[in-house]
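Step one of this worksheet: look at the structure below.
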């Protein structure tokens with residue numbers, strides 16, 4: 001009985017913990033990092049505050065105009081509703097619930113930015129030599145982990 005309660009509590013905490021970690025790290029980056037300047041952490045990793053008006057990997061950044069903000073907000077809300085609905089009908093598939101909670105936590109983190117700032121705050125910069133991966137944040141990491149786990153789950157089954 002105690003294990004069942006602990007499992008439900010852990011499931012309940014996944015999404016809020018991702019959201020809170022995302023908010024705290026973004027607030028830290030906005031407070032301490034000068035936009036578009038890099039702080040070298042390792043030879044392959046920088047902290048570099050950037051503002052992304054596009055979607056994943058900075059696609060469509062500054063290309064559609066101001067209406068894109070509302071389109072991306074609407075898409076995020078629709079996906080959030082679909083995930084919440086799915087969580088309610090998935091009674092026993094704990095693995096899939098965990099995956100969806102990771103994705104939902106990430107979506108909500110970036111949705112918050114779009115609503116309150118009009119863009120997503122990114123600050124994690126992986127690179128090799130002069131090649132830089134798209135700057136990202138904790139919410140993006142959670143979405144990618146969730147999508148990776150989803151791919152593994154369905155490739156395994």
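Taking a point 7 angstrom from the Cα of residue 36 along the C-beta vector, which residues in segment 79-122 have backbone N less than 17 Å away? Label zone hits: 119-122. In the chain, the longest principal axis of the Cα atoms and the axis of helix 2-32 are about 10 degrees apart.
If you wrap a convex hull around the alpha carbons of the chain, what volume per residue comes out, as a whole number of Å³?
Numbers: hull volume 23.1 nm³, N = 157.
Cα-based convex hull of the chain, divided per residue, equals 147 Å³.
Show me the ranking of peptides 91-97, 135-141 by mean Cβ neighbours inside 10 Å, starting with the highest.
Values: 91-97: 12.6, 135-141: 22.7.
My ranking of the peptides, most packed first, is 135-141, 91-97.
To the nearest 10 degrees, how steeply does helix 67-89 sit against the main Cα axis of the chain, on a 0 to 90 scale? Helix 67-89 sits roughly 20 degrees off the main axis of the chain.
Extension gain, residue 78-residue 92: 0.36 nm per intervening residue step, less the Cα-Cα distance, totals 2.7 nm. Between the C-alpha center of segment 126-149 and that of segment 65-96 there is a gap of 20 Å.
Axis angle, to the nearest 10 degrees, between helix 138-156 and the longest C-alpha principal axis of the chain: 50 degrees.
No lab work stands behind these numbers, since they all come straight from the coordinates. This structure is a prediction, so every number in the text was calculated from the model and none was measured. Methodologically, a virtual Cβ is constructed for each residue, glycine included, from the backbone with ideal geometry; neighbour enumeration extends over all protein chains shown.
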